[in-house]
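The next block holds one structure in the form of structure tokens; read it before the comments.
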Amino acid sequence: MKTGTMSFRPMTIVRHLLVAAIILCTSMAHATVVQKTGGGAPWTLFPGDFRLTPAFPDKASIYATFVFRPASGDFDILKVTGRFPHARYMSFNLYDFAEATDFDALADIEIVADDGSINPFYPGANRDAGNRSYTLWLVKEGTAPPEGAANVFFIPEGVETLSLFLRVYRPDKGFDNLGGVGLPGIEALKSDGNTAGVPDFGITLDTALQKAGMFILNNELLETWLVTGWFAGKDVSFHRVSDAGLFPNAHNEY
């Protein structure tokens, strides 16, 4: 008689360890680290349609992630400035990097444009407008956002490593995967608006090992990884599979 207790044989453990190693190594092999100029921070780019991407794969998409340790540096606020892409969809999600749990998210239509700019995702807006900038604020808990700030995420206390994900789906014809606008810049600020020390950032061996803990002995992730092979063709498929161990998009869960 079967019970509800999960047991693992030695070969099963080896299999899961192998899968964890494959996912970590091949994900990083397909990643591109982009260094912003002018004091910005690097983003790591993952092709969204790659089967072993750390977030659940989607066709015609790209993921950019900024991984940082909020306890480092002397900043109170991270200011993220960018331009809306020429694309079908974009979003920001803020996650606990190790646990892949999300704290906050904004879809394209929810992002307030900067003064003098428009959000081209609004119904009836000019999709090709040149004035399409936005600002996202990552504010430590206990710090007041800048006066009049929109698009505010609060950085929770006690989380060792955070990851800000930018997703872009279906760029318009003639534009690159990022929708022709490049990656946002990131500045570290004190609460009074002065420049501050940036936090430690980037996917290091230590942060990769944090994430590896979710891959080991994770049967759901193994099954998901096998299922994603169905997404390789041209047909559009819909499947409800587990996102355990991955970074689920708050706007795509169903």
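The values are calculated or read from the model by the stated rules, or taken from the named source; none is laboratory data. Owing to the predicted nature of the structure, the values given are computational and were not obtained by experimental measurement. Note: ideal-geometry Cβ built from the backbone for every residue, glycine included; neighbour counts use all protein chains shown. The accessibility values were calculated without ligands, DNA or RNA, using every heavy atom of the protein model including side chains. Shrake-Rupley method; radii C 1.70, N 1.55, O 1.52, S 1.80 Å.
Being closer than 22 Å to Ala87 by Cα, part of a loop (DSSP other than H, G, I, E, B) and open to solvent by 10 Å² or more (accessible area, probe 1.4 Å) is a description that does not apply to Tyr169.
Of the candidates Asp128, Asp200, the single residue that is surrounded by fewer than 19 Cβ atoms within 10 Å (Cβ to Cβ) and either within 23 Å of the chain's Cα centre (by Cα) or not acidic (Asp, Glu) (or both) is Asp200.
Just so you know, in region 87-140 the residues that are touching a residue at least 40 places away in the same chain (Cβ under 8 Å) and of a type in the set (Val, Ile, Thr) include one that is nearest to Glu157 (Cα to Cα), and it is Val139.
Scanning region 145-161 for residues that are under 17 Å from Asp104 (Cα atoms) and open to solvent by 30 Å² or more (accessible area, probe 1.4 Å) returns Pro145, Ala149, Ala150, Val152, Phe154, Glu157, Gly158, Glu160.
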